[in-house]
Amino acid sequence: MELKNRQLREIYADLLVDAAARNDAIVSVDADLRKAAKTNAFADKYPERAINVGVAEANMIGVAAGLANMGKVPFTHTFTPFATRRVFDQVTLSVAYAGLHVKMVGSDPGIMAQLNGATHMSFEDVGLMRTLPDMVIFEPVDGVQLAACFDEIVAHPGPVYIRLLRQEFEAVFEEGTSFSLGKAHILEEGDDVVIFATGILVAEALKAVSILKEEGISATLVNIHTVKPLDTETIVRTAKRCGGVVTAENHNVINGLGSAVAETLCEHHPVPMKRVGVMDRFGEVGKKDYLMETFGLKADNIVTAARDVIRRKEETGRKHG
């Protein structure tokens with residue numbers, strides 16, 4: 001499959017069609033957004049396995065739960081806020097509580113809603129979904145990572161929430177790189193600070209690592225593509241080695257990746273830590289570059305956080321030295 005110079009939604013649609021060719025249980029369920037999600041490709045190929053419920057997202061989850069109860073593997077599609085907060089009760093009871101293998105795709109996460117503005121900017125979706133028992137939360141960085149994990153997502157016996165970019169993304173991984181759900185991926189090794197990043201913040205974190213290196217700071221960079229279940233072992237091990245932690249995410253710092261990492265470290269190995277992400281506010285209309293700057297999601301913000309963590313780590317060392 002061609003992965004370069006393509007929109008992530010196109011790669012996703014091809015993966016879904018390819019998987020359906022090998023598994024006749026796969027069904028696509030849409031809430032009137034086939035064109036936006038590119039799932040019209042699936043509907044053209046498998047019209048008998050494509051359901052459009054219209055602008056009725058709660059009903060979409062109910063239909064998907066019914067299909068899963070019949071032995072199907074349904075994938076639901078809508079924008080992130082409608083995939084989570086609008087349908088949270090249905091996801092909780094009909095899918096998660098029932099333990100059904102429904103795969104829910106929320107597109108344009110966080111600031112990537114861009115010109116659709118605050119009403120479509122879900123900064124709380126990870127927070128909502130990670131409170132549900134046995135929910136898997138996966139956010140691919142690029143097409144390589146999505147393709148590498150897709151069959152595992154299909155095969156997973158329980159619910160999976162996928163945070164998916166529709167269009168532009170920065171390619172990070174070489175084709176053929178392997179990944180596994182629930183297992184963090186280390187991109188850079190260092191000793192002074194560890195950066196845990198997810199989604200579009202991984203590319204920014206790579207830039208931050210380069211800037212820090214020029215300053216003589218050695219940083220470990222870990223991609224947390226699966227926010228739940230969290231790779232506790234890797235988080236604790238790298239935090240122990242580096243002694244300071246930065247998290248970076250396209251989500252509210254409350255109850256997202258930053259909170260998940262902080263909870264883990266408080267229980268296992270507390271260290272100085274700083275969270276980079278949306279600081280407890282609603283979204284606004286804008287293009288990606290403007291929004292990244294406005295919400296403090298740039299490489300420079302990660303660098304500043306890393307410097308602060310290292311300073312606090314050194315101060316703590318002097319106090320106890």
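The values are calculated or read from the model by the stated rules, or taken from the named source; none is laboratory data. As the structure is a computational prediction, the values presented were derived from the model and not from experiment. So basically every Cβ, Gly included, is an ideal-geometry build from the backbone, and we count neighbours across all protein chains shown.
So Leu93 ticks every box in (1) part of a helix (DSSP H, G or I); (2) at pLDDT below 95 but one. Which box is left unticked?
(2)
Quickly run through the stretch 282-304 and pick out the residues that are of a type outside the set (Val, Ile, Thr) and in contact with a strand residue (DSSP E or B) (Cβ under 8 Å, 6 or more places away or on another chain).
If we filter the stretch 282-304 for residues that are of a type outside the set (Val, Ile, Thr), which is where we start, we get 282-284, 286-293, 295-301.
Phe295, Gly296, Leu297, Asn301 - these are the residues of the stretch 282-304 that are of a type outside the set (Val, Ile, Thr) and in contact with a strand residue (DSSP E or B) (Cβ under 8 Å, 6 or more places away or on another chain).
Scan the stretch 166-175 and give yes if some residue there is of a type in the set (Lys, Arg) and within 16 Å of Ile224 (Cα to Cα), otherwise no.
Step one: of the stretch 166-175, the residues of a type in the set (Lys, Arg) are 166.
Those left that are additionally within 16 Å of Ile224 (Cα to Cα): none.
Scanning the stretch 166-175, I find no residue that is of a type in the set (Lys, Arg) and within 16 Å of Ile224 (Cα to Cα), so the answer is no.
Residues in the stretch 57-75: is at least one without any contact (Cβ under 8 Å) to a residue 40 or more places away in the chain, buried (at least 17 other Cβ atoms within 10 Å of the Cβ) and assigned to a strand (DSSP E or B)?
Within the stretch 57-75 (the criterion being without any contact (Cβ under 8 Å) to a residue 40 or more places away in the chain, buried (at least 17 other Cβ atoms within 10 Å of the Cβ) and assigned to a strand (DSSP E or B)), the answer is no, since none of the residues qualifies.
Could you please tell me which pairs satisfy a Cβ distance under 7 Å, a separation of 6+ or placement on different chains, a first residue in the stretch 238-262 that is more than 15 Å from Thr226 (Cβ to Cβ), and a second residue that is among the acidic types (Asp, Glu) and outside any loop (DSSP other than H, G, I, E, B)?
Going by the 7 Å Cβ cut-off, the qualifying pairs are Ala248/Glu204; Gly258/Glu249.
Looking only at the stretch 207-230, which residues are within 14 Å of the chain's Cα centre (by Cα) and outside any strand (DSSP E or B)?
Filtering the stretch 207-230 down to residues within 14 Å of the chain's Cα centre (by Cα) leaves 222-230.
Once the filter is applied, which keeps residues that are within 14 Å of the chain's Cα centre (by Cα) and outside any strand (DSSP E or B), the stretch 207-230 yields Ile224, His225, Pro229, Leu230.
In the stretch 5-16, is there at least one residue being surrounded by fewer than 16 Cβ atoms within 10 Å (Cβ to Cβ) and more than 30 Å from Glu175 (Cβ to Cβ)?
Looking for residues that are surrounded by fewer than 16 Cβ atoms within 10 Å (Cβ to Cβ) and more than 30 Å from Glu175 (Cβ to Cβ), one finds none in the stretch 5-16, hence no.
Go through the residues of the stretch 186-197 one by one and say whether even a single one is assigned to a loop (DSSP other than H, G, I, E, B) and not assigned by TED's automatic domain parsing to the domain that holds Ile235. Talk me through it step by step, then tell me what you get.
Let us first name the residues in the stretch 186-197 that are assigned to a loop (DSSP other than H, G, I, E, B), namely 189-192.
Still in the running and not assigned by TED's automatic domain parsing to the domain that holds Ile235: none.
For the stretch 186-197, residues assigned to a loop (DSSP other than H, G, I, E, B) and not assigned by TED's automatic domain parsing to the domain that holds Ile235: absent.
Looking at Glu263, Glu314, Glu249, Glu233, can you tell me which residue is among the acidic types (Asp, Glu) and modelled with pLDDT under 95? Show your work before the answer.
Numbers: Glu263 fails: modelled with pLDDT under 95; Glu249 fails: modelled with pLDDT under 95; Glu233 fails: modelled with pLDDT under 95.
Answer to the check: Glu314.
Taking the stretch 257-287, which residues are in contact with a Gly (Cβ under 6 Å, 6 or more places away or on another chain) and in a loop (DSSP other than H, G, I, E, B)?
Val271, Pro272, Val285
For Leu297, state whether it is in the same structural domain as Thr238 (by TED's automatic domain parsing), assigned to a helix (DSSP H, G or I), among the hydrophobic types (A, V, I, L, M, F, W, C) and crowded, with 16+ Cβ neighbours inside 10 Å.
no
Would you be able to say whether some residue in the stretch 126-136 is part of a loop (DSSP other than H, G, I, E, B), on the phi < 0 side of the Ramachandran plot and at pLDDT below 95? Walk me through it before giving the result.
The initial filter retains those residues of the stretch 126-136 that are part of a loop (DSSP other than H, G, I, E, B), namely 130-135.
Filter again for on the phi < 0 side of the Ramachandran plot, leaving 130-133, 135.
With the extra rule that they be at pLDDT below 95, the set shrinks to none.
No: the stretch 126-136 contains no residue that is part of a loop (DSSP other than H, G, I, E, B), on the phi < 0 side of the Ramachandran plot and at pLDDT below 95.
Scan the stretch 226-237 residue by residue and report those that are surrounded by 21 or more Cβ atoms within 10 Å (Cβ to Cβ) and out of contact with any strand residue (DSSP E or B) (no Cβ under 6 Å at 6 or more places or on another chain).
The answer is Ile235, and nothing else.
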